[in-house]
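A short write-up of the structure that comes next.
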Amino acid sequence: MSADFWAGYISGAAGIIIGNPLDLIKTRLQAGDASVHATSPQSLRSTFDKAGTLVRGATAPILGYGALNALLFVTYNRTLTLFNPDPTISTSLTSIWASGAIGGLATFIVSAPTELIKVRTQVQGHGSSTSNSSSLTIAKEIWKANGLKGLYFGGAVTSIRDAVGYGFYFWSYEICKRSLKAEEGKEDSKRMAEAKVLLAGGLAGIVTWASIFPLDVIKTRVQTQSFSAAVVSSPVTSPSVSHPSPNPERQTLLTNNDLRKPDPVFRRKGAIEMARLTYQNEGVAVFFRGLGICSVRAFVVNAVQWAVYEWMMKVMQSDAGPNSNQNLVVKASAGPV
């Protein structure tokens, strides 16, 4: 396989391992868990009550996001080549955004089930004495209850989020790289070049999440809806109740038996309906709940991810030799990194 495939795979897995603890907090904040507060030491101790909690929900992303990242970079590079076949000509930012968006859409086949399993693993059992299921167990339960279609629940909003997000991801990374480029006739030291990659990658991560965070909140709430009968009688899901709870989604978080006892009366909400109900009950602010912790995570994860990707590309290109057809690079990058 091509160098950008393996570089993307390894960098994606590395990013998940580093960022999973903060991603766990983000998901629970988005899902409406009132017991989680990003600035409360007691809340954080409760969230990470066991060592295993640090990697809860990470199995699916490590396996899936590595493949997702590989698919993303391969699609992005190939699409960018179609837009600009001549690597000596600077690629327009519009082409870079479009290539990133197409790459994001291409990841749908991996990202939709991966995200669904991840968020369900992260929210289930928190704040209760019930046991917690693994990513594999949850995947099996979803398959048993709803088949292949169940794994792609919330896939539409996920694909939109990925297309928009990855468009801004590559676009903002390239803007940062061009802004940090050494002056004409000068060349950065190795350490300076590495620092610029880290900074550009981190800033790109923040820009990306800021652009799609409301969509991600909706996606999380759609995918963490309960399938259990208990939810049918809750204020938010029962049509006979005229005054819904001020925080309805808090009552729709998964419990351990949600997938094992699907209730045919319960109608799962789509993205548009979920967005409308969330706004009516919690206002605009809820669509940015968890953005602070997400920005911290985004900077760290994407700084490391881009650094690993660029390093892996250089290593594999040098091993393949100068005349190898493996020497693909992120064509958006202008000048030395």
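Every number here is computed from the coordinates shown, using simple stated rules; none is lab data. Small disclaimer: the values here were computed from a predicted structure and weren't measured. Cβ: placed from backbone, ideal geometry, glycine included. Neighbour counts: every protein chain shown.
What does the charge count around D162 come to, taking other residues whose C-beta lies under 13 Å from its C-beta (Lys +1, Arg +1, Asp -1, Glu -1)?
Around D162, the surrounding residues sum to 0.
Spin-label model, K181 to S318: label points 7 Å out along the Cα-to-beta-carbon direction sit 2.4 nm apart. Label-to-label distance for Q280 and N146 is 2.2 nm, based on points extended 7 Å past Cα in the beta-carbon direction. Taking each of K149/K219; K26/K149; K219/K269; K118/K140 in turn, the alpha-carbon distance tops 22 angstrom for K26/K149. Averaged over residues, the count of other Cβ atoms within 10 Å places the peptides 183-194, 268-279 in the sequence 268-279, 183-194, highest first. Excluding G8 itself, calculate the net charge of residues whose Cβ lies under 13 Å from the Cβ of G8, where each Lys or Arg counts +1 and each Asp or Glu counts -1. Result for the neighbourhood of G8: -1. Placing unit charges on the Cβ atoms only, positive for Lys and Arg and negative for Asp and Glu, gives the stretch 61-207 a dipole magnitude near 400 debye about its Cα centre.
Distance between the 7 Å Cα→Cβ label points at F83 and I17: 3.2 nm.
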